[in-house]
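See below for the structure under consideration.
The values are calculated or read from the model by the stated rules, or taken from the named source; none is laboratory data. Not measured: the values here are computed from a predicted model. Positions of Cβ are generated from backbone atoms using ideal geometry, with glycine treated the same way; all protein chains shown enter the neighbour counts. The protein model used for the area step is the full one, side chains on, heavy atoms only, and it has no ligands, DNA or RNA in it. Shrake-Rupley method; radii C 1.70, N 1.55, O 1.52, S 1.80 Å.
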There are 2 protein chains.
Amino acid sequence: MKYIESAKNPRVKQWKKLLTKKERDKTGRYLIEGFHLVEEALKEASLVQAVILSEDAEVPVQFKLEGIEVIYAANDVLKAISDTETPQGITAVCEQREVTLEDIDPQKLLLIDAVQDPGNIGTMIRTADAAGIDAVILGEGCADPYNPKVIRSTQGSIFHLPVIKSDLSDIIDSLQNRGIPVYGTALENAVSFEKVEKVQSFALLVGNEGQGVAKQLLSKTTQNLYIPIYGKSESLNVGIAAGILLYHLRK
Amino acid sequence: MKYIESAKNPRVKQWKKLLTKKERDKTGRYLIEGFHLVEEALKEASLVQAVILSEDAEVPVQFKLEGIEVIYAANDVLKAISDTETPQGITAVCEQREVTLEDIDPQKLLLIDAVQDPGNIGTMIRTADAAGIDAVILGEGCADPYNPKVIRSTQGSIFHLPVIKSDLSDIIDSLQNRGIPVYGTALENAVSFEKVEKVQSFALLVGNEGQGVAKQLLSKTTQNLYIPIYGKSESLNVGIAAGILLYHLRK
């Protein structure tokens, strides 16, 4: 049994760096924490590289650990590599996946422009998964999908659904060339979402919490939609808007 | 011009206590922070009792401050009465409103059972406002609606929409006696929400993040609904589910 006692161990120092976006980008790895997330990640082949467990933790029987490095560690180690105040006794090192749109030929997509709040990004990935969306595309200015807060908010959907960082302008062109309508969200030059029929293939484009979708992208969409506001609130949370629209559009 | 220099001033100590639920319940008051929230609160008559401003803050011209006590204060004072790390230079003391269902005769309601996360409660109040819901009813076990995090997430909707703490079992009886259908949310003994026609009057009942709506309440509803999950996620965030259902049900 491998055991690491000190937070000063070189491997621990390497893992700890994965809490920064810079190191995640450099290595193509990221950390996940907690029994539920690790269980979800283990369901996907060759995603988890190593599982680090508190010395007093028990491995749940349903965990599929064949071929995966398992390391026990002192609580100080788990604390050092956690971004939460109360570490849950289990962390795993995962591999980012390189997926391109060509690999998956998606029929239903969610495109996200410059949404900065990690909770919003994570909740939208979870909602897209629930709604049967094939891929989520993150444009410039979005929170890093491998940020621990994003991963927690996805509740594991990030392991099941391709999440691709890309240039949204190029993606919109490519989808329209393939005959897939792209629906933007906007307050001006837009139609009420209820006027749009359900469709087999579509991309929904949502945007920044304060600014909405960039104008330059809105000008390229097939059609822009709005959700009517019947009361006094000025707008909906972007995650809520995405949920309403994805479930409305999908057939 | 009133000016308070020290965080040890007795009024400051009183305000600071309003960051606790106990004191809010005792006094019927609560604090709000930030220019946007204060502006929204000032639109409602006799809601704001006092506005506390940083000595270097400027009062926006659109603020309606007639009849409202305005106090300038040192930054230490604003910091003492803030729940955030970087206070925004303006805080107001507000009055909780005593509203009963009889006062408002609502036709569209959102009932919330034991939702604990302040962000979820706040986002649902904001979404209910957007969807033209007449009142939000919070049952036992919900986060306090006057918690600063709830208020921030409502983006001001808490000032515009009646939010009532009550016994949900009694409310369901009373609504059904008035002929208003109550739709619960559940995974078992439920129909897909898309099977339900839009209606003029309804109450939607959503529940706790982990447990869902209490069984005892689900057994009393007119009908229970579920949102189909087409992907691999196990569930939707409760706020997202509420958004999808409120916009689907409302006519």
Most mobile of B:E102, B:E23, B:E44 per a Gaussian network model of chain B (Cα springs, under 10 Å)?
B:E102
Output for region A:155-251: GluC sites (Glu not before Pro) sitting in coil per DSSP, at most 16 other Cβ within 10 Å, listed by number, reads A:E188, A:E197, A:E209, A:E234
What pairs from A:K108/A:K215; A:K251/B:K195; A:K232/B:K251; B:K8/B:K64; A:K2/A:K64; A:K79/B:K149 go past 20 Å between their alpha carbons?
A:K108/A:K215; B:K8/B:K64; A:K79/B:K149
Quote to one decimal, in nm, the extra length available between A:K195 and A:K22 on full extension: 0.36 nm per residue of separation minus the C-alpha distance between them.
57.9 nm
If you average the alpha carbon positions of region B:27-73 and of region A:28-106, how far apart do those two centres end up, in angstrom?
48 Å
If you add up the charges near B:R24, with Lys and Arg at +1 and Asp and Glu at -1, over every other residue whose beta carbon is less than 10 angstrom from its beta carbon, what do you get?
+2
Given H placed on each backbone N at 1.01 Å, which residues far from B:E69 in sequence or on other chains put an amide H within less than 5 Å of it?
B:V51
To the nearest hundred square angstrom, how large is the accessible surface buried between B and A, total for both chains, probe 1.4 angstrom?
2500 Å²
Carbon plus sulfur, as percent of the 1.4 Å-probe accessible area of the protein assembly as shown, comes to 47 percent
Classify region A:2-95 as rounded, prolate or oblate, taking a ≥ b ≥ c as the square roots of the eigenvalues of its Cα gyration tensor: rounded when a/c is under 1.5, otherwise prolate if a/b is larger than b/c and oblate if not.
oblate
A student applying the Cα gyration tensor rule (rounded when a/c is under 1.5; otherwise prolate if a/b is larger than b/c, oblate if not) would label region B:124-184 oblate
Among beta bridges that DSSP assigns inside the protein assembly as shown, antiparallel share in %, nearest 5:
25 percent
Taking 30 Å² as the minimum loss, tell me which residues in region A:152-166 lose that much accessible area going from the chain by itself to the full protein complex (1.4 Å probe).
A:H160
Under a 10 Å cutoff between Cα atoms, tell me which one of B:K22, B:K220, B:K165 has the largest fluctuation in the Gaussian network model of chain B.
B:K22
Shielding by other protein chains, A:223-236, mean Cβ within 10 Å:
6
Over chain A, what relative contact order in percent results from Cα pairs under 8 Å that are six or more residues apart?
18 percent
Which value, in debye to the nearest 20, gives the size of the charge dipole of the protein assembly as shown about its Cα centre, when Lys and Arg are +1 and Asp and Glu are -1 at the Cβ?
100 debye
Do the sum for chain B: with -39,500 (n - 2.57) for every DSSP H run of n ≥ 4, divided by all residues, what is the mean residue ellipticity at 222 nm, to the nearest 500 deg cm²/dmol?
-8500 deg cm²/dmol
Let me confirm one metric for peptide A:124-134, namely the mean number of other chain beta-carbon atoms within 10 Å of its residues' beta-carbons.
5
Less than 9 Å Cβ to Cβ from B:K43, Lys/Arg counted +1 and Asp/Glu -1: what total charge do the surrounding residues give?
-1
Cβ-based charge dipole, chain B, positive-most Cα from B:P87, B:M1, B:Q116
B:Q116
What does the net charge come to around A:R126 if you take all other residues with beta carbon closer than 12 Å to its beta carbon, with K and R at +1 and D and E at -1?
-1
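Return the percentage of antiparallel bridges among DSSP beta bridges fully within chain A, rounded to the nearest 5 %.
25 percent
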The size of the Cβ-based charge dipole (Lys, Arg +1; Asp, Glu -1) of chain B about the Cα centre, to the nearest 20 debye, is 220 debye
To the nearest 20 debye, what is the magnitude of the charge dipole of region B:8-77 about its Cα centre, counting +1 on the Cβ of each Lys and Arg and -1 on the Cβ of each Asp and Glu?
640 debye
Counting only heavy atoms of the protein chains, get the accessible area per residue of region A:54-200 (1.4 Å probe) and round it to a whole Å² value.
45 Å²
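Per Stokes-Einstein, at 20 °C and 1.002 mPa s, what whole-number D in µm² s⁻¹ belongs to chain A, with the Kirkwood radius over Cα pairs as the hydrodynamic radius? Display every interim value, and only then the final one.
Details: Rh = 19.3 Å.
After rounding, the answer is 111 µm²/s.
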What residue among A:N208, A:N189, A:N120 shows peak mean-square fluctuation when chain A is described by a Gaussian network model with Cα springs under 10 Å?
A:N189
Tell me the volume per residue, in Å³, of the convex hull enclosing the alpha carbons of the protein assembly as shown.
177 Å³
